[in-house]
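Visitor: Supplied in structure tokens, the structure appears directly below.
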């Protein structure tokens, strides 16, 4: 079976007009399909009319489709195929499709859709409920994925309305009298929950629409609401029974007792994907690049990874709207499905200082935050004496929109290879490159703000504390600076280089014990103070109170791909470009450009939120104190 690039759903044709080549039916229902997905009809959006395609082939349109308003049972539609005069490929294709419908050879449909932001709800049993989608096309398909998907042709010209009998209820397969595959208890629970959610959502929609109009429900709305209420209560009772039955099955399950090793022993095999984190994200990029924007080819490429990363195929099926490599529509959709891009972010964040620091004050983009700059004046007041009048001082700090971006240029040969090595190159370069850049921008004292482009580092403009080469003394100086400014010490975090942190972990007292047992190259803690490491810190040891540092991050990576662009092959491109700039054509040189962007910003609203020591280069040598036989450790590391 050739997999669709979209979700197959039920079609029940209610009327067919042979002269005008029109037919009507139900295109989608909240029923669970074989792939474990269900579509919420009330969460689907569309702009009538939408294309009617043949087998999801964008190059083979055969008509147009008009969708009716959603109901609890699904979305009804009317499809029309034109009657053409004269011979030609289009007429042949339409004639073939029409004859296939009339003969009952093609018995299903499939909606082509795009999942909108936050539109996926993963249920406890592993199935997916698509809560918010945009339907972009409807296709006639030979083998639908939905167990109920079939065509029941009624050869009559009976009047049709969206509320005609049979449309409001779930579509019924003509083979219903036969013995269909019996759903498991878990599948019945999922299907029932999806149907209940759709009807409950319609009830809320009725009441909300009436309230916004400043009125109560009219007679027809009241009748529909009461009917839905009865159905929801029925679903609730059914769910109680199904869960009770599921519990009885679990209680009555008998565990398999393994036999001893030897002939007849029962092997226990556990299959678990052991690919590195970020592989799924990299494979989405590789399949998209190799397919040159062709979604069907990208899906076929992704099938080779189905055993280890099946989410890649699902992502390409659900998230890709029609487009080409020069059309940013599909590339924009690449970043909408959270379960794949979040995997990449999960790798990126721990690799950066920002990902390691706990409890940063996270705020939205484009906000203004009030910051107290001065406190009131208070004092003792004698009997009958006037009380002092005081005031507070406030300033504001803002977080605008800023982004970090980079373009990776790969050869066509590397992209087409699609080997694990190629995946590792893409993944490692994205992670390491963006991580190192953000670390440098976040803590380097030389980084000043550029208006409407980038923020200043959290250390920019501060006067550093000169290192004493004694780590305890340096850390105490940072803590003393916070204490002098009445900054709370709870949650304070230190940032230092991996080299300095590793050196502290190697320091031994005269008895051979580790002086800093909880610190190593990966960070750790010193007497309850968090330690975060990055070699970007160099010889600086930076202390910050995370609650006083504002931080905005949209949590996503946007990927755009092009083979036709011309680039300045320079890490610091001239802006604006003049006549001396040389551009390299990706098309001419058989190259592929992959652009990654991340929207992120930060702000240190008050200077006392950060303090840092400069020139710190520690060595793993403690000097024993004199006068007591070296029995007491002294916190001094010689440079």
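Visitor: So, residue 94, is that one modelled with pLDDT under 85, in the same structural domain as residue 40 (by TED's automatic domain parsing) and over 30 Å from residue 226 (Cβ atoms) or not?
Guide: no
Visitor: Could you tell me which numbered condition residue 129 fails, if it satisfies all but one of (1) within 21 Å of the chain's Cα centre (by Cα); (2) outside any loop (DSSP other than H, G, I, E, B); (3) surrounded by fewer than 14 Cβ atoms within 10 Å (Cβ to Cβ)?
Guide: Residue 129 satisfies all of (1) within 21 Å of the chain's Cα centre (by Cα); (2) outside any loop (DSSP other than H, G, I, E, B); (3) surrounded by fewer than 14 Cβ atoms within 10 Å (Cβ to Cβ) except (3).
Visitor: Would you check which residues across the range 64-76 are touching a residue at least 40 places away in the same chain (Cβ under 8 Å) and under 16 Å from residue 54 (Cβ atoms) and list them?
Guide: Within the range 64-76, just 65 meets the criteria.
Visitor: Please tell me if residue 483 is surrounded by fewer than 19 Cβ atoms within 10 Å (Cβ to Cβ) and assigned to a strand (DSSP E or B).
Guide: No.
Visitor: What number goes with the only condition from (1) surrounded by 10 or more Cβ atoms within 10 Å (Cβ to Cβ); (2) at pLDDT below 65 that residue 410 does not pass?
Guide: In the conditions (1) surrounded by 10 or more Cβ atoms within 10 Å (Cβ to Cβ); (2) at pLDDT below 65, residue 410 misses (2) alone.
Visitor: In the range 589-623, which residues are more than 28 Å from residue 366 (Cα to Cα) and assigned to a loop (DSSP other than H, G, I, E, B)?
Guide: Correct list: 589, 590, 615, 616, 617, 618, 619, 620, 621, 623.
Visitor: Just give me the residues in the range 24-45 being within 19 Å of residue 118 (Cβ to Cβ) and modelled with pLDDT of 80 or more, in sequence order.
Guide: Residues satisfying the conditions are 30, 38, 39, 40, 41, 42, 43, 44, 45.
Visitor: List the pairs whose first member sits in the range 515-536 and is within 10 Å of residue 502 (Cβ to Cβ), whose second member is part of a strand (DSSP E or B), and whose Cβ atoms are under 8 Å apart, counting only residues at least 6 apart or on separate chains?
Guide: 519/525; 519/526; 519/531; 521/533; 522/533; 533/495; 533/496; 533/523
Visitor: Can residue 250 be described as assigned to a helix (DSSP H, G or I), modelled with pLDDT of 85 or more and either surrounded by fewer than 18 Cβ atoms within 10 Å (Cβ to Cβ) or out of contact with any helix residue (DSSP H, G or I) (no Cβ under 6 Å at 6 or more places or on another chain) (or both)?
Guide: no
Visitor: A further question follows. Residues in the range 528-569 that are modelled with pLDDT under 90, more than 27 Å from the chain's Cα centre (by Cα) and outside any strand (DSSP E or B): how many?
Guide: Final tally of qualifying residues: 8.
Visitor: For the range 44-81, what are the residues that are crowded, with 20+ Cβ neighbours inside 10 Å, at negative phi and not in a strand (DSSP E or B)?
Guide: 46, 70, 72, 73, 81
Visitor: Do the conditions hold for residue 494, that is, is it free of Cβ contacts under 8 Å to residues at least 24 places away in the same chain and not in a loop (DSSP other than H, G, I, E, B)? Give the derivation first.
Guide: On the way: free of Cβ contacts under 8 Å to residues at least 24 places away in the same chain: no; not in a loop (DSSP other than H, G, I, E, B): yes.
So residue 494 fails the test.
The values are calculated or read from the model by the stated rules, or taken from the named source; none is laboratory data. Remember, it's a predicted structure, so these values are computed and weren't measured experimentally. No Cβ is skipped: glycine too gets one built from the backbone with ideal geometry, and neighbour counts run over all protein chains shown.
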